[in-house]
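Throughout, read-outs are computed from the coordinates displayed, never taken from laboratory work. Owing to the predicted nature of the structure, the values given are computational and were not obtained by experimental measurement. Note that we place each Cβ from the backbone using ideal geometry, even for glycine, and neighbour counts take in every protein chain shown.
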Amino acid sequence: MIAREYTKFISEFVCHPRAVGAVAPSSSNLARHLVESVDWPHTSNVVEYGPGTGSITEEILCQLPSDTTFLAIEISPRFAEMLRMRFPGIRVCEGSVSQVKEHCACHGIEQVDAIVSGLPWASFADEDQTAYLDATMEVLRRGGQFITYGYLQGRLLPAGRRFRHKLNQYFSEVRVSKPVWAKLPPAFFYLCRR
């Protein structure tokens, strides 16, 4: 990531810490682990929540089959514009993931096979976690994947523990990865299946 993009990322974090949730973008190592977990042979539609400056987006686009539809949902207008400039031609919806159904409908997507999330779940209030997961269930097909990451210290926070409990309520299968140590702070990810 170039210095200008990193500066914009920090600026967004300072202005909106609960929405951005990190002081630095995801590492390429973490992004690769997340995206390699997608069941690509059975994925026709993939949505990315909270792409930020595009670390995970870049990895998705590298592995995206030519016949698979990709949609990114970003709440920050600044990040949305950066994504459009960095990846010309991708579909970026500016807004909340609580309206994922409407965003998908605008692009002719009825059901989603995989959702890769960069949202800071451990910094969200209970009602926000519920609203975003409820919205996810409206579009994620049966057997579809939900993949999201967090930081190890976030698992200790009340909101992080609450989110882990909610995942068990929403998904039939929830697996937790081993720590990804190349990321500072160390990260892990959840692999969920509806």
Check your understanding: Of CYS93, VAL176, GLN145, whose Cα points farthest to the positive end of the dipole of the stretch 49-194 (charges on the beta-carbon: +1 Lys, Arg; -1 Asp, Glu; origin at the Cα centre)?
Key -> VAL176
Exercise for review: Apply 1/(1 + (r/R0)^6) to the Cβ-Cβ distance of LEU156 and ASP67, taking R0 = 45 Å, and write down the FRET efficiency to the nearest 0.05.
Suggested key: 0.60
Practice item. State to the nearest 20 debye the size of the charge dipole of the stretch 85-161 about its Cα centre, where the only charges are +1 on K and R beta carbons and -1 on D and E beta carbons. Key: 340 debye
**Study point:** Relative contact order %, the stretch 47-99, counting alpha carbon pairs below 8 Å whose residues are six or more apart
**Key:** 40 percent
Revision key, fill the gap. Each label sits 7 Å from Cα toward the beta-carbon; between LYS101 and HIS165 the label points are separated, in nm, by 2.6 nm
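Identify the GluC sites (Glu not before Pro) of the stretch 41-122 meeting these criteria: DSSP loop state and at most 14 other C-beta atoms within 10 Å of the C-beta.
GLU110
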Review point. Relative contact order (percent) for the chain, with alpha-carbon contacts under 8 angstrom and 6 or more residues of separation?
Key: 21 percent
Point to revise | Computed over the stretch 100-153, Kirkwood Rh from alpha-carbon pairs, angstrom | key: 12.1 Å
Review point. Roughly what % of DSSP beta bridges within the chain run antiparallel, to the nearest 5?
Key: 40 percent
Check your understanding: Can you give the three extents of the C-alpha atoms in the chain along their principal axes, from longest to shortest, in whole Å?
Key -> 39, 39, 29
